[in-house]
Amino acid sequence: MRILGIETSCDETGVALYDSERGLLEHALFSQVDLHADYGGVVPELASRDHVRKLLPLVRQVMERSGTAPADLDGIAYTAGPGLVGALMVGACAGRALAYGWDVPAVEIHHMEGHLLAPMLEENPPAFPFVALLVSGGHTQLVDVRGLGEYELLGESLDDAAGEAFDKAAKMLDLDYPGGPRLAALAEKGDPSRFTFPRPMTDRPGLDFSFSGLKTYTLTTVRDNALEDGLPDEQTCADIAAAFQEAVVDTLVIKCRRALKATGRKTLVVAGGVSANKLLRERLEAALAKEGATACYPRHEFCTDNGAMIAYAGYLRLKAGQRADLGVEVRPRWPMTELQGGLAG
Ligand code: ATP
Ligand code: MG
Ligand code: FE
């Protein structure tokens, strides 16, 4: 089977072709980071308009580069939620229309299921069941994954997502958007022991998270150490970044260990933008080794949004017989636990 995948839920236009015999054939991504940089965050209307501009050229590009004709396709998968409604509409309308025009089935994909399945595009892919830590710009969730669409939410953030906390802390340190990777780079020059940040909600049982307190703690520390221009000196900024990153990573690792213990699973899948974080991977590796468990991640470029994960999720769901009807429907909010499970492999 050969599936075209389309992702437009936020500020990345992603398109890819997955072939069940040959694996990932092509993928193309256009990031709108520069478009939104001046605003310090994603501007929904600008995002939608840019998806309109970029999507079809990217579809043409992956089709041409892989020598794929419409008649070679067995289906089209597009992200139907969660995300920005206008941005989702662009990918969903285009995906549904192309599938209709080319006479192939279409399938709606949940963006977080895409993230969750992304590690399956790598060598030694994880096998069901496993525990997944989804850490992205909009989500921080621990999920018990028994199979495709068989998801039990074990815990989630009660306020900010981990990626969002990284972005907000980065803003306080005057780093450009998206701040997560920039804060991580700055933290490498810092001394993580100079400041000690709290590890929210780790002192009581449970698998939920809270990151908004860490944000306040960061702001207070920045203010207490600020010079005349409102920012601490360079080394202090790096030390704050290091302390912040330590606190987030430590918190995530503690909850992952707890989730593995509670479920008895031996595999942890980590996906979403924050799964690219080097310290998180190092610390998880060390912690899981002690428990005889292993962690699986997407390759670096598939941690954040991309079309490859949507094409792959689409392949699994189309293979299992799922089809979208002709109406175009997107869901800005869409709990992953509502997805259809119990599908035939
Ligand atoms: P969602 O998937 O929840 O809808 P999203 O699609 O915006 O949100 P992703 O594209 O998966 O999120 O990830 C982007 C987030 O990952 C941003 O918040 C970004 O700062 C963060 N991020 C990316 N790389 C790193 C890193 N190395 N360290 C920490 N955070 C990172
Ligand atoms: Mg993004
Ligand atoms: Fe995402």
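Observations
- Proportion of all alpha-carbon pairs of the chain beyond 38 Å (%): 17
- Length gained on full extension, Glu122 to Lys261: 47.5 nm, using 0.36 nm per residue less the C-alpha separation.
- A straight chain from Gln235 to Asp74 at 0.36 nm per residue would run longer than the Cα-Cα distance by 52.5 nm.
- Length released on extending from Val85 to Leu35, taking residue separation times 0.36 nm less the Cα-Cα span: 16.2 nm
- Once each of the GluC sites (Glu not before Pro) sitting in a DSSP loop with at most 10 other beta-carbon atoms within 10 Å is removed, the chain keeps 229-345 as its longest stretch.
- Amide H contacts of Phe209 (H built 1.01 Å from N, in plane; Pro and chain starts excluded): Glu156, Ser157, Leu158 sit under 5 Å, all sequence-distant by 5 or more or on other chains.
- Across the range 4-44, the relative contact order, built from alpha-carbon pairs under 8 Å that are at least six residues apart, equals 32 percent.
- Table column - 3J(HN,Hα) (Hz), the range 123-136, Karplus curve with 6.51, -1.76, 1.60, x for Gly and Pro: 5, 6, x, x, 10, 5, x, 7, 9, 10, 9, 9, 10, 9
- Our analysis of the range 128-297 gives Rg over Rh at 0.99, with the two radii drawn from alpha carbon positions and Rh computed by the Kirkwood formula.
- For the range 261-345, the fraction of C-alpha pairs more than 19 angstrom apart is 58%.
- Flagged links, alpha-carbon separation over 21 Å, of Lys54/Lys319; Lys168/Lys290; Lys54/Lys171; Lys168/Lys189; Lys189/Lys290: Lys54/Lys319; Lys168/Lys290; Lys54/Lys171; Lys189/Lys290
- Mean sequence separation of contacting Cα pairs (under 8 Å, at least six apart), scaled by the length of the range 128-297, corresponds to a relative contact order of 27 percent.
- Length-normalised contact order for the chain - Cα pairs under 8 Å, 6+ apart - percent: 25
- When the chain is treated as a GNM with alpha-carbon contacts under 10 Å, the residue of Ser48, Ser210, Ser66 showing the greatest mean-square fluctuation is Ser66.
Any read-out appearing in this document is the output of simple, stated calculations on the displayed coordinates, not a laboratory observation. If you're wondering where the values come from, they're calculated on a predicted model, not measured in any experiment. Here Cβ is always computed from backbone atoms with ideal geometry, including for glycine, and neighbour counts include all displayed protein chains.
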